[in-house]
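Engineer: Dropping a structure here in structure tokens format, bear with me for questions.
The values are calculated or read from the model by the stated rules, or taken from the named source; none is laboratory data. The model shown is predicted, which means the values in this text are computed figures rather than measured ones. Cβ coordinates were reconstructed from backbone atoms using ideal geometry, including for glycine residues, and neighbour counts include every protein chain displayed.
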Amino acid sequence: MQVATVIKNGLIVTPTGVVNGDLAIKDGKIVAIGEGSLSAKEVIDAQGQLVLPGMVDAHVHINEPGRSNWEDYHTGSQALAAGGTTSMVVMPLNALPARTTAAEFNRHRLIAEGQSYIDFALYGGLVPGNQADIGPMAEAGAAGFKAFMATTGSDEPGDFHNVDDYDLYRGMQAIAKTGLRLSLHAENAVLTDRLAADEIAHHHTDIQAYIDSRPPMVEVEAVRRALYLAKQTGCKLHFVHLSTGEAVREVQRAQAAGQDVTCETCVHYLALNTDDFKQIGPLAKCSPVLRTPEIQDDLWREVQAGHVNAVTSDHSPAPAEMKANPNDNIFEVWGGISGAQNNLDLFYDVAVKSGRLSIQQFVQLTAAGPAKLFGLKSKGELRVGADADVAFLNPNQSYTLRAEDLYYKDKLSAYVGRHINCRVTRTLLRGKTIFELGQGFDDQPNGKFLTNEHVAEGVR
Ligand SMILES: NC(=O)NC(NC(N)=O)C(=O)[O-]
Ligand SMILES: [Zn+2]
Ligand SMILES: [Zn+2]
């Protein structure tokens, strides 16, 4: 067979095992794995490299249009590509206006189509009063919906607002009809805001005060309440960025009782804890907050047990001045960690190199799991017939992350200065190299809009 590209000599991580052989690509698809003697126009030597499915990062904040100076599709997708991510699911907030109508959905899609280096799916937003926009956003191709149970931290005209229990209940009724999943930032808004106000009233504005204002119970309570409302309405749920094993166990219990509910955690909850937060400072401020080593261990056990569907970055960038802390008041600092460029290498380091997860569990969490959640049927697995989205990871090349290595709009990350014991060296999107370490990026952004194919065949 004559094919376009053959990747030779790599360790190919397939859904069922690791194959030491060739991976052949034609028309952007994987056409053979393991067979030798294929003739190809392009031969790529992957000696010493792990050949992984490109990561599907199901939780990325891109701030274009409206706040492009925070991160736009060009910079955000380059950073993701450089880190071995080939598809992203983009959150509906922090752009202005936020993506809460079909008109905005279509506008954002057009912007991303010309700018993104990687394939992308888009969330639609559920906000107070927009139940009538849910159906049209599903029609426009939303991969799922997102709502905040906590306050969002930004309040300009057109910004994304959190739902109260009534909005959530009505929104779940509307979303249930679409067959799509509602993803939730699950923290109790009243508790988090008033606990924070108490700390500030007592002039406690250091990192420990922020940690104390968002205890695990604010997450667990919100998860339980949302699960109950979802049960009443038949809405499928996904919990983003769970930070505690206790919350994951609530999801497990609901699943066991027959509810369609899934969850994710983020690289930073597994790579960083409260001690790191105190050392790194504002760049490690996020919500839910980083957890103590004990709670982090408990979360790891749930991940190891296979109770978490995806690991994501929750890449939530902001300009440097919003991450500075001139008044020594952590409550005034923007919450969000920039980390998407280090999805695969950092997670491989803390998960596989450390012996906590097998390589099969790793690709399940970074690629197959998230692709399945959002109905991205040709993504997430190195198998014949799938899109040839591939990341090369050198498990023996270590480096210390420097600000100048980053492709974000602002070269800030909670991980600068961290020693990482492996490195992404090349990324292919649908068979084409889009990033090579030392060479940079493909000339043209070629990212394609992805829709939820499970639903496209069903309800939509
Ligand atoms: N407005 C945000 O980007 N928020 C994000 N911020 C974090 N995680 O700190 C999030 O996902 O909640
Ligand atoms: Zn969130
Ligand atoms: Zn987020």
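Engineer: Would you please name the residue that is surrounded by the fewest Cβ atoms within 10 Å (Cβ to Cβ), looking only at residues in segment 172-187 that are within 14 Å of Leu227 (Cβ to Cβ) and within 16 Å of ligand 2 (Cβ to nearest atom)?
Structural biologist: Arg181
Engineer: Does at least one position in segment 209-216 carry a residue that is among the aromatic types (Phe, Trp, Tyr), within 19 Å of the chain's Cα centre (by Cα), in a helix (DSSP H, G or I) and buried (at least 17 other Cβ atoms within 10 Å of the Cβ)?
Structural biologist: Checked segment 209-216: no residue is among the aromatic types (Phe, Trp, Tyr), within 19 Å of the chain's Cα centre (by Cα), in a helix (DSSP H, G or I) and buried (at least 17 other Cβ atoms within 10 Å of the Cβ).
Engineer: Considering Ala368, Ala403, Ala340, which residue is within 24 Å of Thr16 (Cβ to Cβ) and either at pLDDT below 95 or of a type outside the set (D, E, K, R) (or both)?
Structural biologist: Ala368
Engineer: Mind listing whichever residues of segment 39-76 are among the hydroxyl-bearing types (Ser, Thr, Tyr) and either within 16 Å of ligand 3 (Cβ to nearest atom) or in a loop (DSSP other than H, G, I, E, B) (or both)?
Structural biologist: Ser68
Engineer: Can you give me the number of residues within segment 144-162 that are assigned to a strand (DSSP E or B) and either without any contact (Cβ under 8 Å) to a residue 12 or more places away in the chain or within 12 Å of ligand 1 (Cβ to nearest atom) (or both)?
Structural biologist: 3
Rundown of residues vs (1) within 16 Å of ligand 2 (Cβ to nearest atom); (2) more than 27 Å from Leu237 (Cα to Cα); (3) assigned by TED's automatic domain parsing to the domain that holds Leu195; (4) modelled with pLDDT of 95 or more, yes/no style:
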| site | (1), (2), (3), (4) |
| --- | --- |
| Thr274 | no, yes, yes, yes |
| Lys278 | no, yes, yes, yes |
| Ser287 | yes, no, yes, yes |
| His307 | no, no, yes, yes |
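Engineer: If you don't mind, another one. What about Asp328, is it touching a residue at least 24 places away in the same chain (Cβ under 8 Å), at positive phi and either over 16 Å from the mean Cα position of the chain (by Cα) or away from ligand 1 (no atom under 16 Å from the Cβ) (or both)?
Structural biologist: So Asp328 passes the test.
Engineer: Looking at Val303, Val248, Val190, Val220 in this structure, which one is part of a helix (DSSP H, G or I), under 29 Å from Tyr123 (Cα atoms) and without any contact (Cβ under 8 Å) to a residue 12 or more places away in the chain?
Structural biologist: It is Val190.
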